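The values are calculated or read from the model by the stated rules, or taken from the named source; none is laboratory data. Computed from a predicted structure; not experimentally measured. Cβ placement follows ideal geometry from the backbone for every residue including glycine, while neighbour counts extend to all protein chains displayed. All accessible areas refer to the heavy atoms of the entire protein, side chains included, with ligands and DNA or RNA removed. Shrake-Rupley method; radii C 1.70, N 1.55, O 1.52, S 1.80 Å.
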Amino acid sequence: MATYASLSTEDKEILAAWERNCRGWVNTAISRSIIEARALKVSLDANGGAGDILDSLDAGEIIPNSSGIAGAHDLTKEEWAVLRSAGINDYLTSYDTVPVRQVAAKAAGPLAGL
C-alpha cells in the first residue's frame, strides 16, 4: 500500500484527471438524474397521472413515440413497465439515499442539486 504523498507525479496527474471527471459525472449524471427521476416518479404516481393511464391500458398496447428523439421507437405497456420499475423506481432506491446524497454533495459540492 502507498500514501498519496508517495505517488509519482505521473500517478498523481492520472488520479487528478480521473477525480475531476468523476466529480463532474457525480454532479451531472447522478445528482441531476436523481432530481429528474424524483420529478418523473411524482408525475407518474400522481392520481390520474401517467401511471394510472398506463395501468388502464390492455396488455400489449403500444404507446406511440411522441418524443421527437431520432431513432426512438414506440413502446408497449410492458416495456414502459420495465422503465418505470427498473428505470425510475430501482434507480431512486439505489441512488436517492442519504449516504449517496451525502457523498455526492461532498464530491460535487453543496450545490450538486440534491
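Specify whether the C-alpha gyration tensor of region 25-71 places it in the rounded, prolate or oblate class, a ≥ b ≥ c being the square roots of the eigenvalues: rounded for a/c under 1.5, otherwise prolate if a/b is larger than b/c and oblate if not. The shape class here is oblate.
A 1.4 Å probe, protein heavy atoms only, puts the accessible area of Lys77 near 50 Å². When the Cα positions of Tyr91, Ser67, Trp80 are compared along the charge dipole of the chain, Tyr91 comes out farthest toward the positive end, with charges on each C-beta of Lys, Arg, Asp and Glu.
Shape annotation for the chain: C-alpha extents along the principal axes are 64, 31, 26 Å, from largest to smallest.
When a 1.4 Å probe is rolled over the protein heavy atoms, the share of accessible surface on the chain that falls to carbon and sulfur comes to 61 percent.
Between the helical axis of 98-108 and the longest alpha-carbon principal axis of the chain there is an angle of about 60 degrees. Helical runs (DSSP H, four residues minimum) scored at -39500 (n - 2.57) apiece and divided by the length of the chain put the mean residue ellipticity at 222 nm at -15500 deg cm²/dmol.
Tell me, rounded to the nearest percent, the portion of alpha carbon pairs in region 50-111 spaced more than 20 Å apart. The answer is 48 percent, as a whole percent.
With every protein chain kept in place and ligands, DNA and RNA left out, what is the accessible area per residue of region 64-114? Probe 1.4 Å, answer in Å².
69
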